[in-house]
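What follows is one structure encoded as structure tokens, with my remarks underneath.
The values are calculated or read from the model by the stated rules, or taken from the named source; none is laboratory data. Small disclaimer: the values here were computed from a predicted structure and weren't measured. Positions of Cβ are generated from backbone atoms using ideal geometry, with glycine treated the same way; all protein chains shown enter the neighbour counts. Quick note on the areas: whole protein, heavy atoms, side chains included, nothing else; ligands and nucleic acids left out. Shrake-Rupley method; radii C 1.70, N 1.55, O 1.52, S 1.80 Å.
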Amino acid sequence: MDGLYSFAGAKRNRGTAMPSSIHDYIEDRAGEFDALALDIWENPEKSYEEKRSSAIHRERLEASGFTIAEFPEMAYSFMAEKGNGRPVIAIMGEYDALPGMSQTCSATQEARVPGAAGHACGHNLLGMGALAAAEALAVALAMARLPGTVRYYGCPAEEGLGRIPLVKAGRFDDADAALTWHPADVNTPHRYTTSANIAMVFRFTGRASHAGMAPHAGRSALDGVQILNIGLEFLREHVERGTLIHYIISDGGARPNIVPEHAATTLYLRAPTADALRRVTARVLKVARGAAIMTETRVAREITHGKCDFIPNDAIHDRMAAVMGGMPLPKPTPAELDFARALAATVPRRDREATLAPIGAPLALLRCVVHGEVGDFGAGCRIGGSL
Ligand SMILES: [Zn+2]
């Protein structure tokens with residue numbers, strides 16, 4: 001591994017010879033990776049729509065000597081592979097944007113296209129950073145004459161299902177390790193766990209009638225939705241610690257004078273573990289059934305997505321902390337520091353605390369404009385997680 005970080009026996013000669021380390025490989029191409037990441041930032045695509053973003057990653061990897069395979073399980077998912085034999089190291093990249101988060105490259109809130117999608121949590125960097133790592137690792141293995149296969153998995157829809165359909169289809173079965181990362185305001189291995197979560201839609205069906213002429217003839221699907229939601233509010237007090245319940249009324253009927261025939265609640269549930277999530281989900285189903293009985297409506301549940309809790313791998317994280325600690329971090333330019341200061345000034349201190357404290361980061365970091373070193377924290381902490 002150490003021999004990999006500094007390419008064994010390679011002599012550095014900028015401009016002509018091969019790079020002497022993974023760091024040099026990436027530094028030499030930083031402008032190319034930056035340009036592609038910026039292109040994806042300026043052309044954001046939401047989950048399941050990442051046609052262009054996926055193609056940018058695929059084409060770059062193909063040009064770098066990776067063999068591409070596209071997967072039928074998810075649109076715009078693919079695998080790019082280089083090298084031979086074991087171990088098989090998977091590096092996962094994601095490139096979806098969030099709805100309504102369009103933003104210019106500036107320190108003030110300013111939509112590029114009002115109402116359009118935007119890369120709010122930096123998946124334009126996530127996908128491209130993972131790609132840079134895959135490229136550099138493949139070169140490092142070849143130069144060190146070590147066996148091993150590097151794979152980049154293009155994983156659409158991190159904000160939704162993520163890579164679950166690919167996992168279920170066995171696409172990761174022969175991988176020895178799967179690594180990923182996420183842009184953040186700290187540099188640390190991801191030692192903290194995340195909650196398990198499930199997203200469900202409860203669709204109520206009642207009987208439409210004119211709300212003024214014949215209200216007694218109607219059975220309101222919206223009543224079912226509202227009683228479900230009120231039931232969830234009472235349930236909220238009596239769930240296991242760390243359980244979170246979030247919902248919206250995703251269909252509330254068309255007009256007040258029509259008793260709604262259809263209505264729906266979209267619900268996200270989070271719990272510390274998958275088992276705890278199963279327990280609270282069973283209770284939510286009882287609340288939904290109760291709401292249907294009370295309102296003489298029918299209810300159907302659809303599970304749209306869900307994930308188990310993230311379980312840290314200490315062996316990998318110990319190694320990652322050591323390698324990260326030994327790697328020179330990028331030095332921000334004065335202009336970049338000014339930009340970071342301007343950004344930080346827009347976020348109240350309590351909000352910055354609210355993102356640092358749950359991951360176990362020392363609050364002394366609030367004094368830093370950027371986190372200029374590698375911290376190793378977060379063991380035993382749990383955060384809400386994605387979705
Ligand atoms: Zn994200």
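The set of residues in region 146-171 that are buried (at least 18 other Cβ atoms within 10 Å of the Cβ) and either away from the ligand (no atom under 16 Å from the Cβ) or within 18 Å of ILE316 (Cβ to Cβ) (or both) comprises GLY148, THR149, VAL150, ARG151, TYR152, TYR153, ARG163, PRO165, LEU166, ARG171. Candidates are the residues of region 172-228 that are of a type in the set (D, E, K, R) and modelled with pLDDT of 95 or more; the one that is nearest to LYS286 (Cα to Cα) is ARG203. Once region 99-115 is narrowed to residues that are open to solvent by less than 50 Å² (accessible area, probe 1.4 Å) and within 20 Å of LEU36 (Cβ to Cβ), the residue that is nearest to the ligand (Cβ to nearest atom) is GLN103. So which residues in region 342-385 are open to solvent by 40 Å² or more (accessible area, probe 1.4 Å) and touching a strand residue (DSSP E or B) at 6+ places or on another chain (Cβ under 8 Å), if there are any at all? Passing the criteria: PRO358, ARG382, ILE383.
Pairing residues of region 39-60 that are more than 18 Å from ALA132 (Cα to Cα) with residues that are surrounded by fewer than 19 Cβ atoms within 10 Å (Cβ to Cβ) and among the basic types (Lys, Arg), at Cβ distances under 8 Å and at least 6 apart in sequence or on separate chains, gives GLU42/ARG112; ASN43/ARG52; GLU45/LYS51; GLU45/ARG52.
Restrict the check to region 175-197 and report whether at least one residue is surrounded by 15 or more Cβ atoms within 10 Å (Cβ to Cβ), farther than 30 Å from ARG319 by Cβ and either within 16 Å of the ligand (Cβ to nearest atom) or in the same structural domain as LEU356 (by TED's automatic domain parsing) (or both). No.
Take region 42-70 and flag every residue that is open to solvent by 50 Å² or more (accessible area, probe 1.4 Å) and not basic (Lys, Arg). Selection gives GLU42, ASN43, TYR48, GLU49, GLU59, GLU62, ALA63, THR67, GLU70. Contact annotation: residue pairs with Cβ atoms under 6 Å, 6 or more positions apart or on different chains, pairing a residue in region 61-73 that is under 19 Å from LEU137 (Cβ atoms) with a partner that is of a type in the set (Ser, Thr, Tyr), are LEU61/TYR152. Out of ARG236, ARG255, one residue alone is over 21 Å from GLU302 (Cβ atoms), out of contact with any helix residue (DSSP H, G or I) (no Cβ under 9 Å at 6 or more places or on another chain), of a type in the set (D, E, K, R) and part of a loop (DSSP other than H, G, I, E, B). It is ARG255. The combined condition, being small (Gly, Ala, Ser) and either over 30 Å from VAL374 (Cα atoms) or open to solvent by 60 Å² or more (accessible area, probe 1.4 Å) (or both), is fulfilled by GLY253.
Against the list (1) touching a residue at least 12 places away in the same chain (Cβ under 8 Å); (2) not assigned by TED's automatic domain parsing to the domain that holds LEU166, the condition ARG289 fails is (1).
I'd like to know if region 332-342 contains one or more residues that are of a type in the set (S, T, N, Q) and farther than 27 Å from ALA208 by Cα. Yes; the residues of region 332-342 include at least one that is of a type in the set (S, T, N, Q) and farther than 27 Å from ALA208 by Cα.
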